[in-house]
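A quick write-up on the structure given underneath.
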Amino acid sequence: VTIIGTNTSFTQASNTTVSFGFSQGSSTTINSTKIINDSTIVCNITIDKNTYSGTYDVYVYNDIDGYLNLYNSMYINGRGYPTLKTISPSVVTAGQTLTVTITGTNTTFTQGSSTTVNFYFGQGSSTVINYIKALSDTTLEVNITIPQNTPSGYYDVTTYNTNDGYLYLNYALY
């Protein structure tokens, strides 16, 4: 990656550092940084495979120029953002105990530590989750007991793990 500045002091300044503002859960390894002249830096970097597709920022700092930010300067063609897509079955009955399958895309259910699932069946009712099993990075099997006092209607489902964060599937169950 070549970084070009204007009226900068890259060679005159001590401690010129470069960093990249990639997405949460990913990291960039700067293998080498070479100052070519006062206005040019060449960096050899390795971009983490978990970096999401998108536009990212580049930051340079030194004692003379201070903090220099080049916003939205680098597009990474990486992985897509994680989302929840379906739940099956999607029609359930109050008081029922059943196993549902939650499917996502670009998720990391098996890689994410302690993926949790929540069902929102209304105020005053609590869903019992008997077990959660990650079948693959994109598929969860969840055995639940739906509260007997759950009124008819559409309900939301969320998942959480440290890699994907909170994912929502609104109006997932009826």
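The values are calculated or read from the model by the stated rules, or taken from the named source; none is laboratory data. In this text, all values refer to a predicted model and were calculated from it rather than measured experimentally. Cβ sites come from the backbone with ideal geometry, for glycine too, and all protein chains shown count toward neighbours. Ligands, DNA and RNA are excluded from the accessible area calculation, which covers all protein heavy atoms including side chains. Shrake-Rupley method; radii C 1.70, N 1.55, O 1.52, S 1.80 Å.
Brief remarks follow.
- Within the chain: Cβ-based charge dipole about Cα centre, in debye rounded to nearest 20 (Lys, Arg +1; Asp, Glu -1): 400
- Packing-based ranking, highest mean first, of 157-163, 168-174 given that Cβ atoms within 10 Å are counted: 157-163, 168-174
- Within a straight-line Cα-Cα reach of under 20 Å, LYS85 can be paired with the following lysines, leaving aside sequence neighbours fewer than 8 residues apart in one chain: LYS133.
- Backbone phi angles across the range 144-161, fed through the Karplus curve with coefficients 6.51, -1.76 and 1.60 (θ = phi - 60°), yield HN-Hα couplings of 10, 10, 8, x, 4, 8, 6, x, 4, x, 8, 9, 9, 10, 10, 10, 8, 8 Hz in residue order; Gly and Pro are listed as x.
- Only protein atoms count toward the accessible area here, which uses a 1.4 Å probe; on the chain, the carbon and sulfur part of that area reaches 48 percent.
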